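Heads up, the thing below is written out as structure tokens.
The values are calculated or read from the model by the stated rules, or taken from the named source; none is laboratory data. Since the structure is predicted, the reported quantities are computational estimates derived from the model, not experimental observations. Positions of Cβ are generated from backbone atoms using ideal geometry, with glycine treated the same way; all protein chains shown enter the neighbour counts. Heads up: the accessible areas ignore ligands, DNA and RNA and are worked out on the full protein's heavy atoms, side chains in. Shrake-Rupley method; radii C 1.70, N 1.55, O 1.52, S 1.80 Å.
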Amino acid sequence: MTMNKAEEHFLGIDVGGTHLKIGLVSKSGEIISFEKIDTAPYRDDPKGFNHRFLEGMGDVLAKFPDVNKVGIGLPGMISKDRKTPLEIPAIPALNGFPLKEELKKKYGHISFFLENDAAAAAIGEYQFGKNNPPENFLFITMGTGIGSALVLDGQIFKGCRGNAMEMGHMLSRGNQGLETLIGRNGILRILDRFIQAYPRLVGDLENKELGTHLLVDTAKTGNEISLMVFEEVGRILGEAIVSTIRILDVTNVYFGGGISAGLEFMMPAMEKTVRQYLTAYYTKDLNLMKATLENNAGTLGAAALCFLED
């Protein structure tokens, strides 16, 4: 049975260091089916990750014979023509591998769309976001690392060579990269530092394995250390946003990724920092808000790539 155009479905594949997340997505952004595949067997395959990925794509496509467009989000830098991964720290085997070309060779009837994962998440928000996102916005994803993208006139801003908007690698306090300071490990270092400094305020954090879920949960119950951690993260992120806004002249900023679950606790310090350093020209139109796709951003974002021109 072939589907008519109104029922066309797309595959979104979010490639991470530990998992592939694969979703069948409708034109309206509904995830019709979803699976998560552990990439350990891919990385350990004697023929290498790339061979296993190409073979594995056959198994995925066989499940969805009506699909003819596949979007793939990759955690790193990618060539301007969006054909070749360049620097994928979590999966170095992909570096310089002509991924799109090899996929086309093997599955010629399918259109493949490759993009950086943060840029894909931004396009997902643009295409499927619940509060009708504007044509121009900065998207910041806070997870293991800090990813970012700019949607400019409804398109990903690629910069001169294809990889603009690496906010995570902007120099921040003490000339450390922003991701080093407030990526997941950085946040846990701040948490550890505050626990050492304020032992009497530890409360529910005592003798627990420190993680970002715990940080969000304890902030919600009013733990003072957790709230101070988010305040510090809000200030550091706010400073980076000030610089970014000055360069891009953008007024809408969306936050996604797992750590954005604590956005409400970062927001007061972030707003205060941003308003302290920006003039009225910027602040009068400034909107800082949570992205709406939440945990599905990677998959929906990858699928949304299928809407972009090939």
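Just to check your reading of the model, which residue among Ala240, Ala219 is more than 27 Å from Ala164 (Cβ to Cβ), at pLDDT 95 or above, assigned to a helix (DSSP H, G or I) and open to solvent by less than 40 Å² (accessible area, probe 1.4 Å)?
Of Ala240, Ala219, the one residue that is more than 27 Å from Ala164 (Cβ to Cβ), at pLDDT 95 or above, assigned to a helix (DSSP H, G or I) and open to solvent by less than 40 Å² (accessible area, probe 1.4 Å) is Ala219.
Find the residue count for segment 69-87, including only residues that are surrounded by 17 or more Cβ atoms within 10 Å (Cβ to Cβ), in contact (Cβ under 8 Å) with a residue 40 or more places away in the chain and not in a strand (DSSP E or B).
Count: 4.
Here are the criteria: (1) modelled with pLDDT of 95 or more; (2) open to solvent by 10 Å² or more (accessible area, probe 1.4 Å); (3) not basic (Lys, Arg). Tell me which single one Asn295 does not satisfy.
So the condition that Asn295 fails would be (1).
Within segment 250-265, is there a residue that is over 22 Å from the mean Cα position of the chain (by Cα) and closer than 28 Å to Asn295 by Cα?
No, every residue in segment 250-265 fails to be over 22 Å from the mean Cα position of the chain (by Cα) and closer than 28 Å to Asn295 by Cα.
Just one of (1) in a strand (DSSP E or B); (2) of a type in the set (D, E, K, R); (3) open to solvent by 60 Å² or more (accessible area, probe 1.4 Å) trips up Glu35, so point out which.
(3)
What number of residues within segment 123-179 satisfy the criterion of being in a helix (DSSP H, G or I), touching an Asp or Glu at 6+ places or on another chain (Cβ under 7 Å) and open to solvent by 20 Å² or more (accessible area, probe 1.4 Å)?
1
If a residue must be surrounded by fewer than 16 Cβ atoms within 10 Å (Cβ to Cβ) and outside any loop (DSSP other than H, G, I, E, B), how many such residues does segment 88-101 contain?
Number of matching residues: 2.
Restricting to segment 222-237, what's the tally of residues that are open to solvent by less than 20 Å² (accessible area, probe 1.4 Å) and either touching a residue at least 60 places away in the same chain (Cβ under 8 Å) or part of a loop (DSSP other than H, G, I, E, B) (or both)?
Going through segment 222-237 one residue at a time, the tally reaches 3.
Applying the selection to segment 130-139, what residues are closer than 20 Å to Ile245 by Cβ and not aliphatic (A, V, I, L, M)?
Pro133, Pro134, Glu135, Asn136, Phe137, Phe139
Look at segment 131-153 and say how many of its residues are more than 17 Å from the chain's Cα centre (by Cα) and either under 25 Å from His213 (Cβ atoms) or at pLDDT below 95 (or both).
2
How many residues are outside any helix (DSSP H, G or I), surrounded by 15 or more Cβ atoms within 10 Å (Cβ to Cβ) and touching a strand residue (DSSP E or B) at 6+ places or on another chain (Cβ under 9 Å) if we restrict to segment 247-288?
So the count comes out to 10.
How do the pairs read when you match residues in segment 33-60 that are under 22 Å from Ala303 (Cα atoms) with residues anywhere that are aromatic (Phe, Trp, Tyr) and open to solvent by 30 Å² or more (accessible area, probe 1.4 Å), using Cβ under 6 Å and keeping only pairs 6 or more apart or on different chains?
Pairs found: Asn50/Phe97.
Report every pair of residues separated by at least 6 positions or lying on different chains whose Cβ atoms are under 8 Å apart, first residue within segment 175-190 and within 12 Å of Leu215 (Cβ to Cβ), second open to solvent by less than 30 Å² (accessible area, probe 1.4 Å) and among the charged types (D, E, K, R).
Sorted first by the residue in segment 175-190, then by its partner, the pairs are Ile190/Glu232.
Just wondering, is there one or more residues in segment 102-119 that are free of Cβ contacts under 8 Å to residues at least 40 places away in the same chain, within 30 Å of Leu138 (Cα to Cα), open to solvent by 20 Å² or more (accessible area, probe 1.4 Å) and in a loop (DSSP other than H, G, I, E, B)?
no
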